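Note sheet for the following structure.
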Amino acid sequence: MKKFGVILLLMVMALTGQAQVQSTSELVGSWSGQLKVGAFSLTIVLNIEQADGYVTVSLDSPDQGARGIGAYKEYLSDDSLAIKVVPIGANYQAKLKEGELDGTFSQNGMSFALVLKRTEKGATEVKHPQLPQPPFPYETEEVTFRNVADGATLAGTITYPVGYNKKSKKKPVVALLVTGSGQQNRNEDLLGHSPFFVIADYLARQGIATLRYDDRATGKSVGGDVTNATSEDFMRDATSGIDFLRQTKSFSKVGCLGHSEGGLIAFMLGSRKKTDFIVSLAGPGVKGDTLLVEQNNRIMKLSGMPALMTVEILRQDDEVKRTPWLQWFVNYDPSDDIRKTRCPVFALNGDNDCQVISSQNLTAIKSLLPKSKKNLTKEYPSLNHLFQHSTTGLPLEYRNIEETISPEVLSDIATWIKGL
């Protein structure tokens, strides 16, 4: 649930209006280092570029997916610089010492030492070896389906299983993939990872079809209000996807695999008898305000900061008051939807997840699910909210982990679905 990230030091935004000052400097190039804040560190990249006698300066925070944050060059010589990053209220001053920029990063009245080393542009990128590469041994089909009630046309990709034959009487099982909170594309791309692409590729090789789609008004999907939308609106988008898959008459069972908010939506579909099965990846199991308070306090503790959030403080937060999605979420309790879900359910969570806490949410889901031999809940040691093997589980780790999703999780999902 990307909306649940509450302690980002830098604003995730890009500016196009970078200041240009006619100058030259030996400092031209890319510089990177670790900004240590409390118990965690954040990768910072300073880009000093020169063209036609002009110098432009920008900042990247790759751990947060922020690039090209515009900076004003207040001073630049061959061995020192001072820049102002207006969008985030920050300043950086440094002097060249033994080939490194030794300086101070200041923001919101706080100052931190920040040493930057010269680096090749793009050198901070992390390889993600699980990203599927062509040629692929299966067929895909680009499709669209409509949520008529909300005026949204959703665009997506059906990935058919290896060896799929439309003329065969044996029809494969299919899962609709529903992303977490925030507008995401069909691959659920985040910080260089493409979890839904990896899942679709793996399941196709295991004989299971999928439909993944761009969220409304994202990617190739068009229409549908986003500003005022809540999970109920996104549930109607997912319902349209389920209905579309059934109308094709190409599949034996039609289920839903949802991540984070997508797991919540999966249970909303299940309680309405729309799905033949559900896979909930880190789906919420408790009321929204309770979840957000626990999430905030866990992240603060792991970051070496006081954990002081309460339900009362959360509900008085300005962002909660002005954001329809948050207003709806803090009041939503998934208990009834989980309790009313009668189709088979596989609910997974990692014990390092600090966005949807496993001990709180997976425990609740297990207690609420109807008793059935086909239902399964499983907690995975050391896995974070993206189901990566992690150290702390903090969101700032996501980008720097090469693994996109645990192979054990992929195998368990495929095995469970095939056993239905």
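May I ask you to derive the relative contact order of the chain, considering only C-alpha pairs under 8 Å and at least 6 residues apart, and to give it as an integer percent?
Taking the mean separation of contacting Cα pairs over the length of the chain, I get 13 percent.
Please compute the per residue accessible area over the chain with all protein chains in place, 1.4 Å probe, rounded to a whole number of Å².
Per-residue value: 44 Å².
When a/c reaches 1.5 or more, the comparison of a/b and b/c decides; with that in mind, is region 68-209 rounded, prolate or oblate per its Cα gyration tensor?
Cα axes put region 68-209 in the prolate bin.
Straight distance only, please: which aspartates and glutamates reach the Cα of Lys366 with their own Cα at less than 12 Å, same-chain residues fewer than 8 apart left out?
Cross-link targets: Glu379.
With every protein chain kept in the model, how would you rank Lys301, Lys169 by accessible area, 1.4 Å probe, largest at the top?
Solvent-accessible surface, decreasing: Lys169, Lys301.
In terms of Cα to Cα distance under 14 Å, which aspartates and glutamates are near enough to Lys301, apart from those fewer than 8 places away along the same chain?
Reachable aspartates and glutamates: Asp353.
Quick check on my link table: of Lys167/Lys220; Lys220/Lys378; Lys169/Lys374; Lys253/Lys273; Lys127/Lys378, which ones sit more than 23 Å apart, alpha carbon to alpha carbon?
Violating the 23 Å limit, Cα to Cα: Lys167/Lys220; Lys220/Lys378; Lys169/Lys374; Lys127/Lys378.
Extent of region 226-312 along each principal axis, from alpha carbon coordinates, in Å, largest to smallest?
54, 26, 19
Looking only at Asp79, Asp318, Asp289, which one moves most when the chain is put into a Gaussian network model with springs between Cα atoms under 10 Å?
Asp318
What per residue convex hull volume, in Å³, comes out for the chain when only alpha-carbon positions are used?
For the chain, the hull spanned by Cα atoms encloses 151 Å³ per residue.
For the chain, with a Gaussian network of springs between Cα atoms less than 10 Å apart, report the residue from Leu386, Leu177, Leu101 with the top mean-square fluctuation.
Leu101
Compute a Gaussian network model of the chain, connecting alpha carbons closer than 10 Å, and tell me which residue from Ser61, Ser260, Ser77 fluctuates the most.
With Cα springs under 10 Å in the chain, the top fluctuation among Ser61, Ser260, Ser77 is at Ser77.
How big is region 329-420 by the Kirkwood estimate over distinct Cα pairs, in Å?
14.2 Å
As a test of the formula, what do you get for the chain when each DSSP H run with n ≥ 4 contributes -39,500 (n - 2.57) and the sum is divided by the residue count, at 222 nm and rounded to the nearest 500 deg cm²/dmol?
So the calculated ellipticity at 222 nm is -7000 deg cm²/dmol.
Calculate how many DSSP beta bridges within the chain are antiparallel, expressed in % of all such bridges and rounded to the nearest 5.
75 percent
Quick check: residue separation of Thr230 and Glu408 times 0.36 nm, minus the Cα distance between them. What number comes out in nm?
My answer for the length gained is 60.8 nm.
How high is the relative contact order of region 169-269, in percent, with contacts defined as C-alpha pairs under 8 Å that are six or more residues apart?
For region 169-269, the relative contact order is 42 percent.
With a 1.4 Å probe and all protein chains in place, put Tyr202, Tyr380 in order of accessible area, largest first.
Largest accessible area first, the residues go Tyr202, Tyr380.
Tell me, what is the 1.4 Å probe accessible area of Arg118, in Å² to the nearest 10?
About 120 Å², rounded to the nearest 10.
Give the carbon-plus-sulfur fraction of the accessible surface of the chain in %, rounded to a whole number; probe 1.4 Å, heavy atoms of protein chains only.
Carbon-and-sulfur percentage of accessible area, whole number: 50.
Over region 137-257, what is the percentage of antiparallel beta bridges among all DSSP beta bridges, to the nearest 5?
Expressed as a percentage, antiparallel bridges in region 137-257 total about 65.
The values are calculated or read from the model by the stated rules, or taken from the named source; none is laboratory data. The model shown is predicted, which means the values in this text are computed figures rather than measured ones. SASA here: full protein model, heavy atoms, side chains in, ligands and nucleic acids out. Shrake-Rupley method; radii C 1.70, N 1.55, O 1.52, S 1.80 Å.
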